[in-house]
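Written out below as structure tokens is the structure these notes cover.
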Amino acid sequence: MPELPEVEIAARRLDAALKSARVESVLAPGMVALKSVTPPLEALIGMEVTGVRRVGKMPVVEAGIDRERLALLIHMMSAGRLQLFNSRASLRDRRSRILIRLESGDELRLREFGTKQRAWGKLMQADEVADDEMVATLGPEAWPAPGVQVLEEILDRSGHLHPLLRDQRAIAGIGRSWVDEILWEARLSPFKKASELDGDEVERLHDALGVLGRAIDHYEEAVGETVPDKMPMPLQVHRREGEPCRRCGTTIAAIHYAERITCYCPEEQTGGRVLADRRLSRLLK
Ligand SMILES: [Zn+2]
């Protein structure tokens, strides 16, 4: 799933490529992809794209000038991609959710891999984005990292670190991949109670949020003009079950769930304990 660093680089690349592009036609082949009714998607036709930005894990495509300014807020869910193509999608392409065709011949596509239709877009007046429930309920952005004091306030609630850091209402932008990286970087257990971190641990967690900025820097180097389907994610621990920890050499352990995996270094994060899957999946609920 695209998280803050992946969406940030996608937004930067699309912003550079789409500025001043004029919308020629629009299409929403996804049955449930367009969540808004007014204004209709067709309201974008003839408008100039003014920019693409990111809020949390969501890209926002803005178009129009002066009083006629619209914004398409997009949520890619677990398998969506927002990409620019220099040709038009085949009408038989079942991955297409929302297509924005430009006069240049390019096409901005919200696509979704897999069979589920979850990704969505919502068209609204540009000045309404901040008040949209998906945006208004977001916690502070995880990058640039909030101050230590703000982070302390974020942590001052019930629950374990792993789900709390993925809760967009607590802190925005972190998902299943980067939470593992952040906790590994901070040498903290995914199951540590957030409210029980001492001052030193909060500092470590704060510093560890820096991995997001470093990932963006990495993408700036590694990603060309167009963002690929599969991002070259600079992961140290996530998806590295069975490999030696790059810091201490201990074998990286993992806890498997139905749709996700949590990876950690037992030596440095859980006091040498390899946590049993079943017990933990119950604990995490
Ligand atoms: Zn280690």
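Would you check if there is a residue in the range 231-250 being closer than 16 Å to residue 163 by Cβ and within 24 Å of the chain's Cα centre (by Cα)? Yes: the range 231-250 contains one or more residues that are closer than 16 Å to residue 163 by Cβ and within 24 Å of the chain's Cα centre (by Cα). Selection of the range 103-119 for residues being crowded, with 23+ Cβ neighbours inside 10 Å and free of Cβ contacts under 8 Å to residues at least 12 places away in the same chain yields an empty set.
In the range 237-260, the residues that are within 20 Å of residue 182 (Cβ to Cβ) form Cβ pairs under 6 Å with partners that are charged (D, E, K, R) and within 9 Å of the ligand (Cβ to nearest atom), at six or more places apart or across chains, as follows: 248/267; 248/268; 250/267.
When 228, 232 are checked against the criterion of being in contact (Cβ under 8 Å) with a residue 12 or more places away in the chain, surrounded by fewer than 19 Cβ atoms within 10 Å (Cβ to Cβ) and either away from the ligand (no atom under 16 Å from the Cβ) or not in a helix (DSSP H, G or I) (or both), a single residue qualifies: 232. Taken over the range 179-221, the criterion of being surrounded by fewer than 18 Cβ atoms within 10 Å (Cβ to Cβ) and among the hydroxyl-bearing types (Ser, Thr, Tyr) is satisfied by 195 alone. If you check 248, 263 for being closer than 15 Å to residue 188 by Cα, within 16 Å of the ligand (Cβ to nearest atom), assigned to a loop (DSSP other than H, G, I, E, B) and touching an Asp or Glu at 6+ places or on another chain (Cβ under 9 Å), only one passes: 248. For the range 206-218, a residue qualifies if it is more than 16 Å from the ligand (Cβ to nearest atom) and either of a type in the set (D, E, K, R) or assigned to a helix (DSSP H, G or I) (or both), and the qualifying residues are 206, 207, 210, 212, 213, 214, 215, 216, 217, 218.
Every condition in (1) aliphatic (A, V, I, L, M); (2) in a loop (DSSP other than H, G, I, E, B); (3) closer than 30 Å to residue 116 by Cα; (4) within 16 Å of the ligand (Cβ to nearest atom) holds for residue 254 except the one numbered (2).
Selection of the range 168-192 for residues being in a helix (DSSP H, G or I) and either away from the ligand (no atom under 15 Å from the Cβ) or under 19 Å from residue 77 (Cβ atoms) (or both) yields 176, 177, 178, 179. For the condition among the acidic types (Asp, Glu) and either under 21 Å from the mean Cα position of the chain (by Cα) or within 16 Å of the ligand (Cβ to nearest atom) (or both), residue 203 does not qualify.
Apart from one condition, residue 131 fits all of (1) more than 29 Å from residue 180 (Cβ to Cβ); (2) at pLDDT below 95; (3) surrounded by fewer than 17 Cβ atoms within 10 Å (Cβ to Cβ); the exception is (2).
Evaluated against (1) farther than 20 Å from residue 208 by Cα; (2) touching a strand residue (DSSP E or B) at 6+ places or on another chain (Cβ under 9 Å); (3) without any contact (Cβ under 8 Å) to a residue 60 or more places away in the chain, residue 275 falls short on exactly one condition, (3).
The values are calculated or read from the model by the stated rules, or taken from the named source; none is laboratory data. Quantities reported herein were computed from a predicted structural model and do not represent experimental measurements. Positions of Cβ are backbone-derived with ideal geometry, glycine not excepted, and every protein chain shown enters the neighbour counts.
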